[in-house]
1. Calculated FRET efficiency, M44 and L96, Cβ-Cβ r, R0 30 Å, to nearest 0.05?
2. Starting from 0.36 nm per residue, how many nanometres of slack lie between R330 and D226 once their C-alpha separation is accounted for?
3. Can you work out the base-10 log of I(q)/I(0) for the stretch 280-339 at q = 0.14, 0.15 1/Å, using the Debye formula on its C-alpha atoms alone?
4. How long are the three semi-axes of the equivalent ellipsoid for the stretch 130-270, computed from the Cα gyration tensor as the root of 5 times each eigenvalue, in whole Å, largest first?
5. Report, to one decimal in Å, the Kirkwood hydrodynamic radius for the stretch 174-255 based on all distinct Cα pairs.
Amino acid sequence: MSIDSRTPRAVDRPTCACPHPDGADRPTAAEARNAYGTLVRQAMGTPPADAAGAGPLPDGVARWLIERRLLSEDRAAVRSVERALRELVAAQQQRLRSAASSLEAGMRAIDDVLGLLPSTRVDGVHTAEVEFFRDRELFRKRLHEFDALGREEVIVMRMSLPDAKVLDASLVNDLHMLDQGVRWRMVVSPAATRAPSARRYLDTLVARGARLRVATTVPAHFASFDHAVTVLSLGAAPHFEDGDAIVHSPLLALCFQQVFEYGWAAGRPYATDQAGDRSEEEFTAQEREIVNLMALGAKDESIARRLGCSDRTLRRLMTHLMQKLGAASRFEAGARAARLGLLTHDG
C-alpha cells in the first residue's frame, strides 16, 4: 500500500519490542516512533528488521499514533507524516475558529447584560483627571509643557515664592507667554514680595505687562491655565512638601478662579507695598508731567496732545505710572504723588 493512499488496506500489527517497564499502557515517544517505522515498512512491502517480533500493536502505542493522525481509527492503515500534519493543522484551525466564535458570542452576551445595568454615574458628580508628583524637578518639567500651552489667560495665586534659581528658570517661560499676548494676573501675599529675588521677578513681570496684586489673605497656592487646567502645590507653605498636582477639569478650574477673583478684589496693586519706599528721583520727567496734568484735572486727550503721543501710548504710560505709585485711582495717584513731592502745581 502507498503510505499516502486515501484507501487504506490492512497491515500487520507489529509488536512493541520494548514493553513499558511498569506494565502501564503509556508508550514513550521513542516506542511509538519505532512502531510507526515498522508500520511504514510493512505498508511499503519491506519486512521489519525483527520479524520475530511481529504481533499485535499495544493499545497505548496505537492511541499515541491515532491521536497524531499517523494511524487510522480502525488501525487498518498507516498515514504519511505530511498527511498527518495537514489533518492536525486543519483540526486545530477548526478548534480555533470554534473557540473564537464562542468567545465572540460570550462577549456579546456580556455586553448585552452590561447594557441592562443602571448607570454608575451619579447626577451632579464630576470626575477629573489628576496627575500627582513627588519629584519637584519632574513636576517643573511637566509644568513647562503647560506654560507652552497657555493661549488666553493665566491666573496665579501664591502664598510664597521659591528661591532665585527657580524663579529665574520660571521667568523665561512666564515672559514668553506674556510676549505671546497671554493675559497674566497674579495675587501674592505680602510675605512673597519681601525677598530681593522675588521683587526682581515680580517687577520684571509687571514691566512686561502682567497685572499683580498683593492680598493680605491668600488662601491657596495654585496656577490656572486657560480655565481648563489647575496646578496645585500640596502641603503647608512655604515648602509644600506634600507634592504637587495637576488637575484637568474646567469645572474645578472655575472654582479656583472664583477663589482667585475674591483675592484679586481684596488685593492692592503690587506697587502699593513698594510706593512708600520710592523717592522722587525714581520718576522720570515725563511721569512727573503726567501726574501733574492728572492732578490739574486734564483729560486723557489733552494729556496725549501735550505729550505728543497717541491715546494708546498714553494709556500704557498711565498704567505703568499707577502701578509705580501703587494707586488704584486717579485720586489715589494724586495723593501719593503729593506725598512724594512730585506735584509742582496747585490743584
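1. With R0 = 30 Å, the Cβ-Cβ based efficiency is 0.30.
2. 34.3 nm
3. Log10 of I(q)/I(0), two decimals: -0.33, -0.38.
4. Numbers: eigenvalues 74, 58, 56 Å².
Semi-axes from the Cα gyration tensor: 19, 17, 17 Å.
5. 14.0
Rule-based calculations on the coordinates, nothing more; no lab input. These numbers come from a predicted model, not from an experiment. Positions of Cβ are generated from backbone atoms using ideal geometry, with glycine treated the same way; all protein chains shown enter the neighbour counts.
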